[in-house]
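K.L.:
Sharing a structure with you now.
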Amino acid sequence: MLSLNYEYRVIPVPRRAARARGASSEDRFALSLASVMNDMGREGWEYVRADTLPLDERAGLTGGTKTSYLNMLVFRRVIVRGAHMLEAGEDQDQVSRMVFDAPVPLRSLAAAE
């Protein structure tokens, strides 16, 4: 049986809106977000969710800390273990009985074609 695993990438939400003449602030921010998501999608990353996460930082010279919150975008990409392309006439059951090796990223299979 084919075993699927994922690798994850977490990036900060864009803090500045893209420039777009005549567009509202919301539309410009949506354009910035769509640009990031499309760039990640072209690299094989699938959008999962947005999270708001706490970050404790040192504040001032006294060594105190302050907590700020960061908005992050979570993406994932499939890693296939021992991927095997089915050849014409090859039995699916035979392929299912194969032992899978170490993980091979799916993106490397597409590059090999």
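Readers should treat all values here as calculations from the given coordinates under stated rules, not as data from a laboratory. Nothing here was measured: the structure is a model prediction, and the numbers come from that model. Positions of Cβ are backbone-derived with ideal geometry, glycine not excepted, and every protein chain shown enters the neighbour counts.
K.L.:
Using a 10 Å cut-off around each Cβ, can you sort Phe29, Phe75 from fewest to most neighbouring Cβ atoms?
P.N.:
Ordered by Cβ neighbours within 10 Å, fewest first: Phe29, Phe75.
K.L.:
At 7 Å along the Cα-to-beta-carbon direction for both Val78 and Ser25, put a label point, then send me their distance in nm to one decimal.
P.N.:
4.1
K.L.:
Return the Rg/Rh ratio of the range 1-70 with Cα-based radii and a Kirkwood Rh.
P.N.:
Working: Rg = 17.5 Å, Rh = 15.4 Å.
Looking at the range 1-70, the ratio lands at 1.14.
K.L.:
How much length would be gained if the chain were fully extended between Asn71 and Val13, taking 0.36 nm per residue of separation minus their Cα-Cα distance, in nm to one decimal?
P.N.:
20.3 nm
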